[in-house]
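> Mind having a look at this structure? Questions to follow.
The values are calculated or read from the model by the stated rules, or taken from the named source; none is laboratory data. On a predicted model such as this, the values are computed, not experimentally measured, just so you know. Glycine also receives a Cβ, built like all others from the backbone with ideal geometry; neighbour counts cover every protein chain displayed.
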Amino acid sequence: MNDAETTESEAGQPQNHPDNPYSTKAASWYALCLLTIVYSFNFIDRQLLAILQESIKADLSLSDSQLGLLTGFAFAIFYVTAGIPIARWADRGNRRNIVALSLFIWSFMTALSGFVQNYAHLLLARIGVGVGEAGGSPPSHSIISDIFPAESRATAIGFYSMGVSIGILFGFLAGGWLNEFFGWRTAFMVVGIPGVILAIVLRFTLKEPIRGLHDGAPSSTDAVPFGEVLRVLWSRPTFKHIALGAGLNAFCGYATANWTASFMIRTHAMSTGELGTWLSMIIGVGGAIGVFFGGFLADRMAKTDKRWYAWLPSICGFLIVPFMISIYLVDNAYLALSLSIIPGLLFQVYLGNTIATTHAIVGPRMRATASAVLFLILNIIGLGAGPWVVGVLSDYLAPSLGSESLRYAMLYALPPVMTWSAIHYWLAGKTIRQDIENAPR
């Protein structure tokens, strides 16, 4: 038997397993912090384009639809297509090595983006970033779920998910000021190179955890067939609702993250440096606080009722809507940014809860694949459609509204979709306890 596959029933308590590299809290938190930093690079590289896109648009003579395609479907379709086979590999292979290789690829392609000469070159570079980033989260989710027990996974995954907001923070902050002083090409190169170095650090300092140690998982090294994972997921009403709810929430989140800078520049004439600082605080710091405490609070409240894993994202979604409407109706730049603080805090609350719930309703050997399926749905709806739909709607409204077309495209599209997302999470609360109880072991 492979030592890495010894189960809890054979070895006693997981923390006492003789081969467990995460028997101490220090080791567990080192791994979690390192993976969170990696995830932040995922979003630094991804978010950088949002703050730079007005300069890129002018330099390469692009339309809003082309920009929306770059940050939307052109990126997402390769991101999600590559995600499934990589996740299948992660469910039976060394997840640490997969994450390190993926980080190297997406960082290299980000640095390469600084050398593009036309739209086709930039499109190919973004596709390369998408393929690389596909190997980041599903293996990382699986690693975290094998390091932390079920009762603290939403907290741990919420902590990991702060990487989204940390990445947005540095993407906006570094990208905004680098663009202002050195230009958008330099910004891509400066941001991409450190990720290559981090990939080497991760490869040689992160240990592969014992798979299923906290769950009494079987010792077989065979991954569960893909069709069986899909059958389990699709037989759970909870998964259908949280996956759709997550996709719709991400639709609004990605559209907001990708178009807010352009909206503020066009409507309120802000500079990229000042705007990047504001958005790094609102979306970056606010989002990090929200996603961590969203998971933390849900873990605490779920001790009395597991429906809080669905209820909390639902409540936050409903709370965001009136602020979202107000942002696009006010005429003062700083009032619009101030109104963005509450959505910035609450946008990412869903993420840790959704991933933890998905892992709770499948077996330990299904987790990377389950994460990839979840992210396929989330990213096709959210990352793929969100920025692109807003860009297309903005171009459609431009003949009548001019520079204000983007403001109204966001106003017309985002509040209804966020309401729809909140409804799905509320419906998930009706079945979540039964689906967790019936999860395969």
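> Just the residues that are modelled with pLDDT of 90 or more and crowded, with 20+ Cβ neighbours inside 10 Å, please, taken from region 210-231.
none
> Can you name every one of the helices (runs of 4 or more DSSP H) wholly within region 259-370 that holds 2 or more residues which are free of Cβ contacts under 8 Å to residues at least 60 places away in the same chain and under 16 Å from the mean Cα position of the chain (by Cα)?
Passing ranges, in order: 341-346.
> Also, I was wondering about something else. Which condition does Gly317 not pass, out of (1) farther than 19 Å from Leu275 by Cβ; (2) surrounded by fewer than 24 Cβ atoms within 10 Å (Cβ to Cβ), if it passes all the others?
So Gly317 meets the others, but not (2).
> Of the conditions (1) in contact with a Ser or Thr (Cβ under 7 Å, 6 or more places away or on another chain); (2) surrounded by fewer than 18 Cβ atoms within 10 Å (Cβ to Cβ), Arg88 fails just one. Which one is it?
If we test Arg88 against (1) in contact with a Ser or Thr (Cβ under 7 Å, 6 or more places away or on another chain); (2) surrounded by fewer than 18 Cβ atoms within 10 Å (Cβ to Cβ), just (2) comes out false.
> Only one residue in Ala111, Ala100 is in contact (Cβ under 8 Å) with a residue 40 or more places away in the chain and in contact with a Leu (Cβ under 6 Å, 6 or more places away or on another chain), so which one is that?
Only one candidate qualifies: Ala100.
> Does Gly114 fit the bill of being surrounded by fewer than 21 Cβ atoms within 10 Å (Cβ to Cβ), of a type outside the set (A, V, I, L, M) and in a helix (DSSP H, G or I)?
Judged against the criteria, Gly114 is a match.
> What are the residue pairs meeting all of these: first residue in region 372-401, first residue within 17 Å of Pro415 (Cα to Cα) and buried (at least 24 other Cβ atoms within 10 Å of the Cβ), second residue modelled with pLDDT of 90 or more and among the polar types (S, T, N, Q), Cβ atoms under 8 Å, and 6 or more apart or on different chains?
Listed by first residue and then by second, the contacts come to Gly382/Asn249; Ser394/Ser405.
> Name the one entry in Ser142, Ser165 that is over 19 Å from Ile283 (Cα atoms), hydroxyl-bearing (Ser, Thr, Tyr) and buried (at least 24 other Cβ atoms within 10 Å of the Cβ).
Being over 19 Å from Ile283 (Cα atoms), hydroxyl-bearing (Ser, Thr, Tyr) and buried (at least 24 other Cβ atoms within 10 Å of the Cβ) holds for just one of Ser142, Ser165, which is Ser142.
> On to the next question. Kindly provide the set of residues from region 179-198 that are of a type in the set (Asp, Glu) and either without any contact (Cβ under 8 Å) to a residue 60 or more places away in the chain or closer than 15 Å to Ile105 by Cβ (or both), ordered by number.
Kept after step one, since they are of a type in the set (Asp, Glu), are these residues of region 179-198: 180.
Once the filter is applied, which keeps residues that are of a type in the set (Asp, Glu) and either without any contact (Cβ under 8 Å) to a residue 60 or more places away in the chain or closer than 15 Å to Ile105 by Cβ (or both), region 179-198 yields nothing.
> If we keep just the residues of region 160-204 that are in contact with a Leu (Cβ under 7 Å, 6 or more places away or on another chain), closer than 22 Å to Phe148 by Cα and not hydrophobic (A, V, I, L, M, F, W, C), which is modelled with the highest pLDDT?
Per the stated criteria, the residue is Tyr160.
> Go through the residues of region 296-310 one by one and say whether even a single one is in contact with a Leu (Cβ under 9 Å, 6 or more places away or on another chain) and of a type in the set (Ser, Thr, Tyr).
There is no residue in region 296-310 that is in contact with a Leu (Cβ under 9 Å, 6 or more places away or on another chain) and of a type in the set (Ser, Thr, Tyr).
> Hey, another quick one. Just need a number here: residues in region 10-43 that are at pLDDT 85 or above, in a helix (DSSP H, G or I) and not aromatic (Phe, Trp, Tyr).
14
> Go through region 101-143 and give me each residue that's more than 23 Å from Gly171 (Cβ to Cβ) and either aliphatic (A, V, I, L, M) or under 18 Å from the mean Cα position of the chain (by Cα) (or both).
Ala120, Ser142, Ile143, listed by residue number.
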